[in-house]
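The values are calculated or read from the model by the stated rules, or taken from the named source; none is laboratory data. Note that the structure is a prediction, hence the values are computed from the model and not measured. No Cβ is skipped: glycine too gets one built from the backbone with ideal geometry, and neighbour counts run over all protein chains shown.
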């Protein structure tokens, strides 16, 4: 029998009205009914936002991955470091080995980070990348700051590239400014940071970065701007180099010393702000005023000469070399003297409507000692000494007279200074006067045009052409009698070379300036051969001409060029005062001066015997400072006597002026000169 269940008393529930059965009431029957949320979210909008965010994150990641894959599929091979395209550098030295200038670009020696002054390292970090040692190749803080600054300025005023990014761009990428290149730059920066230490990255950057003026790397920059190795830089110089990195051309001390100094002050302030230097060191560096760079003179510190040298290099070397060093004949003291003198004469002659000039000085063997190609190199790089084709006017007359002397003319032969008509052409004298019978010697000294034409008729055009070529003039010459008045154009260098041939007793002197070319390893690539100029003209006839040209200075149109030593020369003025010349020589130097205007505008009655002769004299006096007076043709007179064979009258004495010369000079100085 089963066990008996305990009795449970049940509460009586009355039947529902109507006799139906009812369920017991719920304990929560008095509370509002709660709805069970559907699986997968609450409010439909929130569910949609959540789903969109998840999908965006997923597809954004996919898109970013595809984007990076797309931009990295043509990434440069990190095993191949690109070399920046650059012109081989041409370092030009003066005659004493001083660096005149460097053309093209140059890399300095590779220096270890430990050899770079800590001040330079700190200056670069302070102004370029202060968080270099804390970021991972990309500076997110710097990017955010740059973005904010650019947004406020509504233009790009600040960059966010790190040193690592700059190195990546420098090593592997092109300079193009595109989004693709920027992404690749960042990827390469991450790779560099993973592959190399911070010290290796910084050292590579300092040895590779461009500092302007053709200098790549800190060593080349130190040499270019301060003429010293990088190890010898002081704090102020370090700050100036670091300041170049943002804009090498704009902040270059070679371009604008004041702006370069202002930029260096900004770098010093950044170094102090970053804690790299104390306020005391900053103030001491600011107080250490550097020696100001000498302002370029009329020739821009020999830059006209430097350009001329660079043009010649390719013609002397069979192959295009790498970096080379060119030793030249330039005398830096004479060069700067010439620049100052030309600048001074032009500055004081504004009322004469003369704006340009050129000056060339040659040694007796043709070596170029000074060359000024214009008033302002920065304003115009056109070299008027070597490129300007100008009418020499009466400065060409020595060629005419020499041709006649070679044909047997005597300097005391008389010619009629009278009106002359050849076809429709009637040459006139400068002063409009005629003197009647004059000697050839007097006619050259006074630069009489009618006699010059008659002398040309006596010599003949073929002989004049032959003589000009023997003197080194290569420009085309006219085939009519206007050649007697210098109507054919020549360059100042060409005509100065012809006067050097006269000064050398008739030996053909070809101006030159390059002595030697070496590569960076010191290997000689070219050396000018030792040559003896050929004796192209009868030395006795040349000696006679030189004596006649002395008279030009002592008592003729060029007496404003009188020196304290024997000298010979000739004035020249083209028609309507377009060109004014004075060319002459002593036993030590041959110098040619030209004044005029690039647009061929006439000057206000500037003749060769006025401003050019005065410039020539002032320059030559200082150029001969410390040199003893010497006779002209001192090394050719004996040869002239031996080689003449008695075909020409003996040359007159070629030392200092005689008493009659001095008296004549005094009389003419009181009556005024004629050109």
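Here residue 223 meets each of (1) at pLDDT 90 or above; (2) surrounded by fewer than 23 Cβ atoms within 10 Å (Cβ to Cβ) with one exception, condition (1).
Conditions tested, residue by residue: (1) modelled with pLDDT under 95; (2) assigned by TED's automatic domain parsing to the domain that holds residue 383.
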| residue | (1), (2) |
| --- | --- |
| 273 | yes, no |
| 279 | yes, no |
| 310 | yes, no |
| 315 | yes, no |
| 322 | yes, no |
| 329 | no, no |
| 349 | yes, yes |
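On the stretch given as the stretch 603-617, residues that are surrounded by fewer than 16 Cβ atoms within 10 Å (Cβ to Cβ) and at negative phi total 1. Tell me yes or no: at least one residue of the stretch 395-406 is in contact with a strand residue (DSSP E or B) (Cβ under 9 Å, 6 or more places away or on another chain) and either surrounded by fewer than 24 Cβ atoms within 10 Å (Cβ to Cβ) or not assigned by TED's automatic domain parsing to the domain that holds residue 531 (or both). No, the conditions are met nowhere in the stretch 395-406. Report yes if residue 624 is touching a strand residue (DSSP E or B) at 6+ places or on another chain (Cβ under 7 Å) and surrounded by fewer than 23 Cβ atoms within 10 Å (Cβ to Cβ), otherwise no. Spelling it out, it is not the case that residue 624 is touching a strand residue (DSSP E or B) at 6+ places or on another chain (Cβ under 7 Å) and surrounded by fewer than 23 Cβ atoms within 10 Å (Cβ to Cβ). If the condition is being farther than 12 Å from residue 502 by Cβ and either crowded, with 24+ Cβ neighbours inside 10 Å or in contact with a strand residue (DSSP E or B) (Cβ under 7 Å, 6 or more places away or on another chain) (or both), then the stretch 555-573 contributes 555, 556, 557, 558, 561, 567, 571, 572, 573. Here the stretch 575-597 is the region considered, the condition is being surrounded by fewer than 24 Cβ atoms within 10 Å (Cβ to Cβ) and closer than 23 Å to residue 488 by Cα, and the residue that is nearest to the chain's Cα centre (by Cα) is 597. Scanning the stretch 425-447 for residues that are at pLDDT 95 or above, buried (at least 19 other Cβ atoms within 10 Å of the Cβ), touching a helix residue (DSSP H, G or I) at 6+ places or on another chain (Cβ under 8 Å) and in a loop (DSSP other than H, G, I, E, B) turns up at least one hit. Looking across the stretch 499-512, the residues that are within 33 Å of the chain's Cα centre (by Cα) and not in a strand (DSSP E or B) come down to 499, 500, 501, 508, 509, 510, 511.
What are the residues in the stretch 476-498 that are more than 30 Å from the chain's Cα centre (by Cα) and either assigned to a helix (DSSP H, G or I) or in contact (Cβ under 8 Å) with a residue 40 or more places away in the chain (or both), if any? Within the stretch 476-498, 481, 482, 483, 484, 485, 486, 487, 488 meet the criteria.
Just wondering, is there one or more residues in the stretch 513-523 that are more than 22 Å from residue 347 (Cβ to Cβ), assigned to a loop (DSSP other than H, G, I, E, B) and in contact with a helix residue (DSSP H, G or I) (Cβ under 9 Å, 6 or more places away or on another chain)?
Yes: one or more hits.
Note down all Cβ pairs under 6 Å where the first residue falls in the stretch 553-571 and is closer than 15 Å to residue 614 by Cβ, the second is part of a loop (DSSP other than H, G, I, E, B) and modelled with pLDDT under 95, and they're at least six residues apart or on different chains. Going by the 6 Å Cβ cut-off, the qualifying pairs are 557/673; 557/675; 571/675. Restricting attention to the stretch 404-423, the residues being in a helix (DSSP H, G or I) and closer than 17 Å to residue 445 by Cα number 2.
Among the helices (runs of 4 or more DSSP H) confined to the stretch 180-256, the ones with at least 1 residues that are in the same structural domain as residue 128 (by TED's automatic domain parsing) and within 17 Å of the chain's Cα centre (by Cα) are located at 218-226. Test each condition in (1) surrounded by fewer than 19 Cβ atoms within 10 Å (Cβ to Cβ); (2) free of Cβ contacts under 8 Å to residues at least 60 places away in the same chain for residue 417 and report the one that comes out false. Residue 417 satisfies every listed condition except (1). On inspection, residue 567 passes the criterion of being under 21 Å from residue 367 (Cα atoms) and at pLDDT 95 or above.
Scanning the stretch 536-550 for residues that are closer than 18 Å to residue 590 by Cβ and either not assigned by TED's automatic domain parsing to the domain that holds residue 397 or not in a loop (DSSP other than H, G, I, E, B) (or both) gives 539, 542, 543, 545, 546, 547, 548, 549, 550.
Condition test on residue 365, is it free of Cβ contacts under 8 Å to residues at least 60 places away in the same chain and either more than 19 Å from residue 623 (Cα to Cα) or surrounded by fewer than 21 Cβ atoms within 10 Å (Cβ to Cβ) (or both)?
Judged against the criteria, residue 365 is not a match.
Against the definition (over 18 Å from residue 117 (Cβ atoms) and touching a residue at least 24 places away in the same chain (Cβ under 8 Å)), how does residue 212 come out, yes or no? Yes. Evaluation of residue 509 against the conditions (1) under 30 Å from residue 324 (Cβ atoms); (2) surrounded by fewer than 24 Cβ atoms within 10 Å (Cβ to Cβ) shows that the sole unmet condition is (2).
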